[in-house]
Each structure stands twice: as C-alpha cells, then as structure tokens.
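Colleague: Take this structure first; my questions come after.
Coordinate-derived values only; no laboratory data. The shown structure was predicted, so the numbers you read here are calculated from the model rather than taken from an experiment. Glycine gets a Cβ as well: all are built from the backbone with ideal geometry, and neighbour counts include every protein chain shown.
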Amino acid sequence: MSRPEDTLLADVHYDDVEARKYTTSSRIQNIQASMTRRALELLDLKTPSLILDVGCGSGLSGEILSDIPPEEGGPHVWIGMDISPSMLDVALQRDVEGDLFLADIGQGVPFRAGTFDAAISISAIQWLCNAESSETSPQQRLARFFGGLYQSLKRGGRAVCQFYPKNDVQKQMITSAAVKAGFGAGMLEDDPDTKNVKVYLVLTAGQSAVANTRSGDITGVVENMEGVDVVDNRRTGKSSGKGEIKKGSKQWIIKKKEQMERKGKVVKSTSKYTGRKRRIAF
Amino acid sequence: MKLLTLNFLTCAVKSCKSSSDSFPLHPKDAELASDDVEVNPELLVNLLPRLDWKALKTTSTELGFPQLPDSPPTVEELQADEKLLRDLHSLLMETNLMEGKLVCGVCGHEYAVREGIPNFLLPSHLV
C-alpha cells in the first residue's frame, strides 16, 4: 500500500471524506489510542500540564490527554495544531476540550518561550519530509519546526513524537534536525523489524533547573526500557584526524600523481612498481 | 480558543519573533462565549508562574473585562482563596474567543478566528 505522504499534501489528503473515515475507523482509533498512551508513558508527567499536540487532527490523541485521571497525573490541558481544516472540523464536531489551531508545523510554533510542559505528536511529523513547494525544502521545514518546538518548551520539557519513517534516510534526517535544534534525542522502536514497527522520537529540551539524579534528562527515563537507541550529540566527541592516507604510502603517491595529472603535468603511468621500496645500491 | 492560550500566543511571522511587541496579539471584533469547565486547581498552580500577567491585563481590558489587579496572585493566595481561584479559572479556561481577528502589534498581520479556531497558515513570503 502506498504512503499517503508520497501522493498528496497533508491538507489535501485529509479532506472531509477522508477525515470522517479516519476518525470513525475503530482500527485507527485503537492504534492511535495505544500510541498516545505509550507516548504519555514516555513523557512521564506527574502533574496536570500544558501540552502541545503537533498534528492533532481530529483530536483522537487529545481526547485521551483530557481524560487522564488525577491518579495518573492528569487531566491535562492541550493545544493542538493541524494543517487540515477537515480534520479540525471533525474535532469541533467531537467537541474536544483542547484549543485547536489551523497551522503548518513546518512554518514554526507560534508560542512564547517556555510555554509548554511537554509536547506530543502521533503519526504527524513524517509529513514534514515532503517538499511542499519549490520555495521550502524538507530540511528547512524540519529545522523550523524543531527550532520552534525547542523554544516553546520549558527547559527540561520533553517531547515524544511517534512517526512513520519511510526509510532510514528519513529517520536520520528527522533525528539530526532535532539534535541540531538543541534537543537531546533518542529513538525508541516498538516491535522492531516487524510490519507493525512503531518509531518514537523522544526529545528533551535542555536541562531543567531542578534535575533529580539523571532522570531530569530523557535518557534517564528510557534507561530501563528495551530497544532504545540514544543519540546524544550534546556530548562533544573526539573529531577524527586530518585524513586517513599516510604520507609516503602508495595511495598517497597515486593521489599526488592524479593531482599532477589534473594540473596538466606529464606523469609516469602507475604500475606494480609504484612506491615500491628500492634496493639500496650503495 | 481559551483566553489562557491567548496569553501564550505570539505572531508567527519570522521577522516578528525578535520583537517583544509581537506578544500579546490584540483581539479585534471579538465574539466571546462561555464554557463550563471543571476547575483544575493543580493546573492553575502549575501555570501561574508562567502566565504573563501584564499581557493578561492588556488582553482582558481589550476584551471589555473589568481591570485586573496590577500584580498577579501568589501560589499561596491562590490556594487559600477559593473565590480567587474560581475567578481566575473562569477568566482563563471558561472564556472562549469564538470569532474575530488577532492583530500583531508589530507587523499588523491579522489572523482570522472562526468557530474558535485561529488560522495561522502564513503565505510563504512571511515565513
């Protein structure tokens, strides 16, 4: 089955018919619900919080956020952004409690710094990997989104984004954009190597002022979970040396010969004798 | 859109981000509605330090509400005074902007609000 992201833009694909089908399908409701709960588990919120729902659609995940009982740290107040008017219309009909915004996440997150306790995104951010028009590129959209998200989260705030990467390239693109924006990032895969693999991008926005042991950081939360790859570019690694070709070796000689040839000089052809140790005559 | 959200919303235009006047957005031709929401004291206590009280004063005056006190209540005051908590809850969570426009103080861009949903889609030259 082809991916909807390959054929159409997000707001075009989710028109009224598709929006209704999406929301009323019990299969989709169940999948979205379980992914939302999983994301909430990863967010580990202890008190009622202000949450940003990126790509909220018809509010399937938002409803769960509003219904979290006090014993589990809820209920939460959420603000949702989506690009499809039809999906938001369905959300209005379902009378969701969160505030809805018609917005393109690739254009940024228009809230002041430190607004949100946390952010959640279910099945949305892979749509950023498409070039909508010739004026912006996926990299720009991803950069704008993650930059805006980083700024609008409080320090130490977490974001969990479940998405459907088309391939490893997309996974890399999204993760590196998040890290460039300043997040500490990790990738969690549920049911890896199966058809039902679910990929969660888990992000932390900076250090919180109150850091309790290491779990102020998302790497602390996921430490005990299986199947988690932590990509943490906040630590500076040793940069690799100049180059790998040792001066004086055969590869170096051949490289130099190619350089000279490009310059237009006369160069002897390469043979098995190139760079071979000569017999010392004297 | 709750009044609470309006206290956090800024202009989305790129060039406005650096200016502090792009917040708060000014409501124009606003139509309000009142909702019934269960009071969540823990949430209000959580949000209180993050609220921009000056902006909240500006916004509530622009919408025609009575003038708010100059300084925000402290957490202790909020937890002690039930009526204060209810009033704040009613203002932030139960007052909804249903129709109208939100105007940026810097660039003058107007965001339309329809059925409680603001339209923040920007033409590409403004992003």
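Colleague: Can you give me the convex hull volume of the Cα atoms of the protein assembly as shown, divided per residue and expressed in Å³? Don't skip to the end; give the middle numbers.
Modeller: Values: hull volume 93.9 nm³, N = 409.
Measuring per residue, one finds 229 Å³ for the Cα hull of the protein assembly as shown.
Colleague: Other chains near A:79-88: what is the mean number of their Cβ atoms within 10 Å of each residue's Cβ?
Modeller: Across the residues of A:79-88, the mean count of other-chain Cβ atoms within 10 Å is 2.
Colleague: If a cysteine in chain B has no other Cys Cβ under 4.7 Å from its own Cβ, put it on the list, ordered by number.
Modeller: Lone cysteines by the Cβ rule: B:C107.
Colleague: Are any of the pairs A:K21/B:K14; A:K21/B:K28; A:K246/A:K277; A:K180/A:K256; A:K180/B:K54 more than 26 Å apart by Cα-Cα distance, and if so, which?
Modeller: A:K21/B:K14; A:K21/B:K28; A:K180/A:K256; A:K180/B:K54
Colleague: Considering the dipole of chain A built from charges on the beta carbon (Lys and Arg +1, Asp and Glu -1) around the Cα centre, which of A:L40, A:S137, A:G80 is farthest to its positive end?
Modeller: A:S137
Colleague: Here's something else I'd like to know. Taking one equal scatterer on every alpha-carbon of the range A:1-119, how large is log10 of I(q)/I(0) by Debye at q = 0.14, 0.16, 0.21, 0.22 1/Å?
Modeller: Log10 of I(q)/I(0), two decimals: -0.60, -0.78, -1.27, -1.35.
Colleague: Assign unit charges at the C-beta atoms only (+1 for Lys and Arg, -1 for Asp and Glu), then state the dipole size of chain B relative to its Cα centre in Debye, rounded to the nearest 20.
Modeller: 680
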